[in-house]
Amino acid sequence: MRITRRGILGASLAAPGVARAQESWPQRPIVLIVPFAPGGPVDNVARPVAEGMRRRLGQAVVVENRAGAGGLVGARVVAAARPDGYTLLVGSPGPLVIAPAAGAADAPDPLRALAPVALIADSPQILAVTKDLPAADLAGFVALAKARPGMLNLGSAGIGTTPHLALELFSELAGIRLEHVPYRGTGAALPDLVGGKIEALFGDVSALLPLVETGRVRALAVTADARLPLAPAIPTTAELGYPALVVRNFQALLAPAGTPPAILERLSSALAEALTDDQVRGALARIGALPATSGPAHLAQYLAAERATWEPVIRRIGLRLE
């Protein structure tokens, strides 16, 4: 009984200390590591979110770009940082799901080397084709691909990227064979799509929608289960008979493993509040990103589910990121 009372007394004495630590955090600027170059989809999500979180936390939230190795350079920086809540990662499928599943060297395990905080946003991919392709819709594209096996060139942002895996999954589900043409980013592929050097491209909404709206390319589908508010005329893969082809390029907030749960919850709460801000939501809407409020437990489940989705595809195509 004496031991039990001491435990209760110890807990009662410790609790105010934990509460005070939570209340006093943060006491200095927070750094959000974006593991890609400025101006890309992850960076474009991180910057308005950082400003929204700054207003909730009362401290500067600074975006720092640490590009390299498909997002792994920045992910490693955060995994090795002090677990005090001041160095965070804005991650995406590449470093968080695809690289670990494809055996990339030193890819941090997002559920062991990192501590999930919350989802930020996600955006589906658009399947766009050159305007002169004789396929009026997705069914027509599949029929054309079956008539010309291996002759249609479909571009992506690079080997092992979300658009590449979307292509592979689409090919499997539709029973077609496409020629994969990898580029160094979606932006590098756009001139070839407009010019007809490739017939089709999976890419981010922010990159392809302006070309669709000006008639320079045509959108066949968006890889989602609900139509995009930004582009309600584009049908979804789910409604067109491919419910398994729901592909999201998500952004998520993570901290170094060992970050105190109280700080993780404070970060998650600040992020959730930021995502209700009209300015933040407007900035995300303009690039086709949908706010995705969650918490640490939900993000952990989400990452595990994403890995379960893509691991079989990665094994089937023999993708290895050394």
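The values are calculated or read from the model by the stated rules, or taken from the named source; none is laboratory data. Bear in mind the structure is a predicted one, so any value in this text is a computation, not a measurement. Quick reminder, even Gly has a Cβ in these numbers, built from the backbone with ideal geometry, and neighbours come from all protein chains shown. When the accessible area is computed, the model is the full protein with side chains, heavy atoms only, and any ligands, DNA or RNA have been set aside. Shrake-Rupley method; radii C 1.70, N 1.55, O 1.52, S 1.80 Å.
For the options 226, 75, 107, a Gaussian network treatment of the chain with springs between C-alpha atoms closer than 10 Å singles out 226 as fluctuating the most. Among 120, 33, 287, which one moves the most in a GNM of the chain with springs linking Cα atoms closer than 10 Å? The residue with the greatest mean-square fluctuation here is 287.
Using the 1.4 Å probe convention, the accessible area of the stretch 73-228 works out to 36 Å² per residue with neighbouring protein chains retained.
Under 5 Å from the amide H of residue 87 lie the amide H atoms of 31, each residue being 5 or more positions distant or on a separate chain, with H modelled from the backbone and absent for Pro and chain starts.
Between residue 244 and residue 293, take the C-beta separation as r, use R0 = 22 Å, and let me know the FRET efficiency to the nearest 0.05. FRET efficiency, residue 244 to residue 293: 0.30.
The Rg/Rh ratio for the stretch 226-322, using Cα coordinates for both the radius of gyration and the Kirkwood hydrodynamic radius, is 1.03. At the residue level, residue 192 shows approximately 40 square angstrom of accessible surface with a 1.4 angstrom probe and all protein chains present.
Using the alpha-carbon atoms, what tilt in degrees (0 to 90, nearest 10) does helix 261-274 show relative to the longest principal axis of the chain? For helix 261-274, the angle is close to 50 degrees.
What is the gain in length, in nm to one decimal, between residue 82 and residue 109 on full extension, counting 0.36 nm per residue of separation less the C-alpha to C-alpha distance? Could the numbers behind the result be given before it?
On the way: separation 27, 0.36 × 27 = 9.72 nm, distance 1.66 nm.
Length gained between residue 82 and residue 109: 8.1 nm.
For residue 291, the shell of other residues with beta-carbons less than 12 Å away shows a net charge of -3, using +1 for Lys and Arg and -1 for Asp and Glu.
In a Debye calculation with equal point scatterers on the alpha-carbon sites of the stretch 156-276 and no solvent, what is log10 I(q)/I(0) at q = 0.10, 0.11, 0.16 Å⁻¹? Here the Debye-derived log intensity ratios amount to -0.42, -0.49, -0.86. Extension gain, residue 311 to residue 28: 0.36 nm times the residue separation minus the Cα-Cα distance gives 97.9 nm.
All other residues whose Cβ lies under 13 angstrom from that of residue 168 are scored, Lys and Arg at +1 and Asp and Glu at -1, for a net of 0. Computed with a 1.4 Å probe over protein heavy atoms only, the accessible surface of the stretch 277-322 comes to 56 Å² per residue.
Here the stretch 25-106 is treated as an ellipsoid with the same Cα gyration tensor; its semi-axes, largest first and in whole Å, are 23, 14, 9.
Here the chain is treated with +1 on each Lys and Arg Cβ and -1 on each Asp and Glu Cβ, and its dipole about the Cα centre works out to around 800 debye.
Kirkwood Rh and Cα-based Rg: tell me the resulting Rg over Rh for the stretch 260-306, rounded to two decimals. Don't jump to the answer; show the numbers that get you there.
Details: Rg = 12.2 Å, Rh = 11.8 Å.
A ratio of 1.04.
Given in Å, the Rg to one decimal and the Dmax to the nearest whole number for the Cα atoms of the chain are 21.6, 82.
At a Förster radius of 35 Å, what calculated FRET efficiency corresponds to the Cβ-Cβ distance of residue 276 and residue 37, to the nearest 0.05? Before the final figure, lay out each step's value.
Details: r = 29 Å, r/R0 = 0.83.
It comes to 0.75.
Distant-in-sequence amide contacts of residue 185, defined by a placed amide H-H separation under 5 Å and a gap of 5 or more residues or a different chain, comprise 158. For the stretch 89-203, the percent of C-alpha pairs falling in each 5 Å distance bin, counted from 0 to the bin holding the largest distance, reads 2, 11, 19, 21, 17, 12, 9, 6, 3, 1.
Within the accessible surface of the chain, defined with a 1.4 Å probe on protein heavy atoms only, the carbon and sulfur portion equals 55 percent. Rg and Dmax over the alpha-carbon atoms of the stretch 144-194 stand at 10.9, 29 Å.
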